[in-house]
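Quick notes on the structure that follows.
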Amino acid sequence: LQAFAAASPLPHADLAALAQRPIYAVIWTTTAWTIPANQALNVNPALPYALVDTPRGLLLLAEALVEPCLQRYGLTGQVLAVAPGQVLDRIRFRHPLAHVHPGYDRASPVYLADYATADDGTGIVHSAPAYGVEDFNSCTAHGLAAADILNPVQGNGVYAADLPLFGGQSIWQATPAIIDTLRAADRLLATQT
Ligand code: VAL
């Protein structure tokens with residue numbers, strides 16, 4: 001919130017109240033089975049991002065995608081502030097399953113990356129460095145050591161037994177379970193097939 005307020009001033013009274021509320025970075029993925037391996041978020045430094053007050057909380061996403069996304073999520077919302085992705089550099093969000101299982105209670109930092117666009121999704125890329133080339137490149141360029149990259153999927157497409165919540169399940173079995181878990185945790189805005 002401070003990063004946003006510095007770039008896009010908000011009335012002081014609002015700031016104090018807003019500071020009490022969590023901000024949710026909205027991500028979109030075609031591969032829900034990569035969510036347990038999320039280790040970062042990518043935003044484009046030059047693209048404007050909006051902080052939007054909605055009935056589902058304070059959401060962060062690319063300004064250009066606010067209207068289509070709110071429509072898709074069946075939400076109304078008010079844009080409170082807009083700032084370039086640059087101001088989000090290294091800000092740490094919690095993993096979407098952080099409060100479901102302590103095994104996911106870790107930070108996903110924002111890494112700036114030009115490949116994040118406002119063409120589709122939300123303009124914020126869910127980065128799972130074990131499963132995407134851009135994800136790998138941007139995480140390692142920002143200092144994530146290769147040894148720290150999480151790769152819970154074994155060669156046979158089954159999660160390692162020690163993966164919290166989904167260990168031992170194949171990624172295809174686990175996909176609906178991950179979606180259900182996110183929904184139950186109030187961390188899912190929409191699905192599409
Ligand atoms: N970043 C990609 C996605 O969001 C994968 C490779 C994790 O779908």
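Residue count for the stretch 53-74, restricted to those that are away from the ligand (no atom under 16 Å from the Cβ), more than 26 Å from D105 (Cβ to Cβ) and assigned to a strand (DSSP E or B): 1. State whether one or more residues within the stretch 12-24 are of a type in the set (S, T, Y) and crowded, with 22+ Cβ neighbours inside 10 Å. Scanning the stretch 12-24 turns up no residue that is of a type in the set (S, T, Y) and crowded, with 22+ Cβ neighbours inside 10 Å. Filtering the stretch 28-50 for residues that are over 30 Å from F166 (Cβ atoms) and part of a helix (DSSP H, G or I) leaves an empty set. Of the strands (runs of 3 or more DSSP E) lying entirely inside the stretch 84-193, the ones with 3 or more residues being surrounded by 15 or more Cβ atoms within 10 Å (Cβ to Cβ), in contact with a strand residue (DSSP E or B) (Cβ under 8 Å, 6 or more places away or on another chain) and modelled with pLDDT of 95 or more are found at 107-112, 124-127. Look at (1) of a type outside the set (A, V, I, L, M, F, W, C); (2) touching a helix residue (DSSP H, G or I) at 6+ places or on another chain (Cβ under 8 Å); (3) in contact (Cβ under 8 Å) with a residue 40 or more places away in the chain and you find that T191 fails only one, number (3). Pairs linking a residue in the stretch 56-75 that is among the aromatic types (F, W, Y) to a residue that is surrounded by fewer than 19 Cβ atoms within 10 Å (Cβ to Cβ), with Cβ atoms under 6 Å and 6 or more positions apart or on different chains, are Y73/A190. Which residue pairs have Cβ atoms closer than 7 Å, lie 6 or more positions apart in sequence or on different chains, and pair a first residue in the stretch 6-28 that is under 27 Å from D120 (Cα atoms) with a second residue that is within 16 Å of the ligand (Cβ to nearest atom) and of a type in the set (D, E, K, R)? The qualifying pairs do not exist here.
Results for (1) out of contact with any Gly (no Cβ under 6 Å at 6 or more places or on another chain); (2) within 11 Å of the ligand (Cβ to nearest atom), shown as yes or no for each residue.
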{"residue": "T122", "(1), (2)": "yes, yes"}
{"residue": "F136", "(1), (2)": "yes, yes"}
{"residue": "I149", "(1), (2)": "yes, no"}
{"residue": "P152", "(1), (2)": "yes, no"}
{"residue": "P164", "(1), (2)": "no, no"}
{"residue": "Q169", "(1), (2)": "yes, no"}
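For first residues located in the stretch 122-142 and under 16 Å from V153 (Cβ atoms), partners that are away from the ligand (no atom under 11 Å from the Cβ) and of a type in the set (V, I, T) and lie 6+ apart or on another chain with Cβ distances below 6 Å form the pairs P129/I149; A130/I149. Do we find a residue being charged (D, E, K, R) and out of contact with any strand residue (DSSP E or B) (no Cβ under 9 Å at 6 or more places or on another chain) anywhere in the stretch 54-67? Within the stretch 54-67, one or more residues are charged (D, E, K, R) and out of contact with any strand residue (DSSP E or B) (no Cβ under 9 Å at 6 or more places or on another chain). Can you go through A46, A40, A5 and tell me which one is surrounded by fewer than 22 Cβ atoms within 10 Å (Cβ to Cβ) and at pLDDT 95 or above? Answer to the check: A46.
The values are calculated or read from the model by the stated rules, or taken from the named source; none is laboratory data. What you see is a predicted model, and the numbers here were worked out from it, not measured in a lab. Ideal geometry is used to build each Cβ from the backbone, glycine not excepted, and the neighbour counts take in all protein chains shown.
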